[in-house]
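The block underneath contains the structure these notes are about, expressed in structure tokens.
The values are calculated or read from the model by the stated rules, or taken from the named source; none is laboratory data. Quick caveat: nothing in here was measured; it's all calculated off a predicted structure. Ideal geometry is used to build each Cβ from the backbone, glycine not excepted, and the neighbour counts take in all protein chains shown. Protein only, heavy atoms only, side chains kept; ligands, DNA and RNA dropped before computing areas. Shrake-Rupley method; radii C 1.70, N 1.55, O 1.52, S 1.80 Å.
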Amino acid sequence: MGEDMKILVLNAGSSSLKYQLMDSNTEDVLTQGLVERIGVKGKADHSWTIGDKKSSENLSLANHEEALQAAIAALSAEDGGVIQDLEDISAVGHRVVHGGEYFSESVAIDEDVLEKLDEVSPLAPLHNPAAVSCIRASRALMPEVTQVAAFDTAYHQSIPPEAHHYPLPHELYEKYKVRRYGFHGNSHRYVAQRAAELVGIPLRDLKIISCHLGNGASIAAIRNGVSVDTSMGFTPLEGLMMGTRTGSIDPAIVTFLMREEGLSPDELDNLMNKKSGLLGVSGISSDLRDVLDAQESGDESAKLANDMYAYCIKRFIGQYMAVLGGLDVIVMTAGVGENSPVMRAAALSGLEHWGIAVDPWRNFGRNKTIKNGLEGEFKVSAQGSRVKVLVVPTNEELMIARDTKALL
Ligand code: ADP
């Protein structure tokens, strides 16, 4: 067990590849890197960090296979690399967005898994094909090495039928598997585990609401360690208002706009995913920092956008308290959840009646308010608040690395 074990975690986007090499015994990150603009001729950017040393290069990379080769070249560079050769990599964990109904946990990849991944690709047309091509490239480069797929959807497969079905004709579920899948599963799972450790109560005894508030945002209701509902649905568009996504709206608005504005399905898709949310309402930015700044300077649309964003979170917290039949912990994570005391306070205001009391000093202070906390972890709830509110920086890569190690 004590032997040196290095796990490579890969996260392929449509034109990007994020990677981390982790020592799976110490869970130290040895290297992390990012390749962007894959497939844009002569324009790919590769940046990586080993220890304190940051490096970057500009390359021409046709596909994910070439991007992976560039990553491996950086890892094994004679000058300052962290591996001698590929044999030093014990296993590879791949983040895969969609596992459809096939996968309720991470799996070791074989031909059968690859076939199923191809089969569910239409459910995540922007994300899954990139992951699949990255998996194939990685298997070609390291045929002897265990490769694991860790899905964003897997954790939410436990959501019961009354919460995962949509009230559409049932044959559409059978034909296309139209149902709620949910996303950010590795993040919700990680922060829920950390929350249990931090409050010192076993996860199986807790009712948790986990708020992942990044550019994409979702909330999960977690009972006894199991996801029982989540705000994202068939796609990541449902649920909370996000940076550029609408979140849930009256579905009849879609057909109304198609008729009135003459928009095509793709144009509407683009409108609802890329031009709405904080960006659409404020007309300023999808970045909450910008919108909060604009509100400070008196911008009314910015204020409306921020108010809507907070209101939406509050509404889901209320729903999920009802779903869970009580609540022990709220965890906040990702860019907004970790860094915006203003949004945390707004979303959690007025909930004292339900046992949720935020301590303004703790919320804004970031001083050490928690025993055994890791960097960035702190308690936001006031002393005596029945529901504990915690900030826990997410770590999806660590979750993937742990699953990968467990499957070795
Ligand atoms: P992604 O979903 O792309 O991983 P992140 O989790 O990094 O996104 O979250 C990005 C968002 O976090 C940005 O839109 C930004 O508005 C928000 N954010 C980051 N830092 C702060 C901050 N200090 N205050 C408010 N919002 C912040």
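Once you order the gyration tensor axes a ≥ b ≥ c over the Cα atoms, which shape class does segment 214-304 get: rounded for a/c under 1.5, otherwise prolate or oblate by comparing a/b with b/c?
oblate
So what is the accessible area of the chain per residue, in Å², with the probe set to 1.4 Å? Provide the component values of the computation, followed by the final result.
On the way: 19180 Å² over 408 residues.
Per residue, the chain has an accessible area of 47 Å².
About the Cα centre of the chain, what is the dipole size in debye to 20, counting +1 per Lys and Arg Cβ and -1 per Asp and Glu Cβ, all else neutral?
1360
Given the options Q295, G280, F151, identify the residue whose Cα lies farthest towards the positive end of the charge dipole of the chain (+1 on Cβ of Lys, Arg; -1 on Cβ of Asp, Glu).
Q295
Against the globular-protein guess of 2.2 N^0.38 Å, express the Cα radius of gyration of segment 246-393 as a ratio, rounded to two decimals. Mind showing how you got there, number by number?
Values: Rg = 17.9 Å, N = 148, 2.2 N^0.38 = 14.7 Å.
Compactness ratio reported: 1.22.
Give the ranking of V148, V323 by solvent-accessible surface, highest area first, calculated with a 1.4 Å probe.
V323, V148
If you place +1 on the Cβ of every Lys and Arg, -1 on the Cβ of every Asp and Glu, and leave all else neutral, what size is the dipole of segment 309-408 about its Cα centre, to the nearest 20 Debye?
On the way: 12 positive and 9 negative charges, 50 e Å.
The dipole of segment 309-408 has a size of about 240 debye.
Using a 7 Å offset from Cα along Cα-Cβ at A108, what residues in segment 124-165 end up with backbone N under 16 Å from the label point?
Residues passing the 16 Å test: 139, 143-150.
Using only the alpha-carbon atoms, how far is helix 300-324 inclined from the longest principal axis of the chain? Give it as 0 to 90 degrees, nearest 10.
90
Please report the antiparallel percentage of DSSP beta bridges with both residues in the chain, rounded to the nearest 5. Don't skip to the answer; put the middle values down first.
Values: 43 of 64 bridges.
Approximately 65 percent, going by the DSSP bridge assignments.
Quick one: Debye curve from the alpha-carbon atoms of the chain only, equal weights, vacuum; give me log10 I(q)/I(0) at q = 0.06, 0.12, 0.13 Å⁻¹ to two decimals.
-0.25, -1.05, -1.23
Which of the aspartates and glutamates could be linked to K303 by a straight reach, that is with a Cα gap under 19 Å, when you skip same-chain ones fewer than 8 residues away?
Straight-distance partners of K303: D287, D290, D293.
Largest first, what is the accessible-area ranking of E3, E396, E78 with a 1.4 Å probe?
Values: E3 130, E396 40, E78 195 Å².
In descending accessible area the options line up as E78, E3, E396.
Per DSSP helix of 4 or more residues, -39500 (n - 2.57); summed, then divided by the residues of the chain. What does that give at 222 nm, rounded to the nearest 500? Don't skip to the answer; put the middle values down first.
Working: 15 runs with 152 residues, N = 408.
Only helices count here, giving -11000 deg cm²/dmol.
Express the carbon and sulfur contribution to the solvent-accessible surface of the chain as a percent, rounded to the nearest whole number, probe 1.4 angstrom. Mind dumping the intermediate values first?
Values: 9730 of 19180 Å².
For the chain, the apolar C and S fraction of the accessible surface comes to 51 percent.
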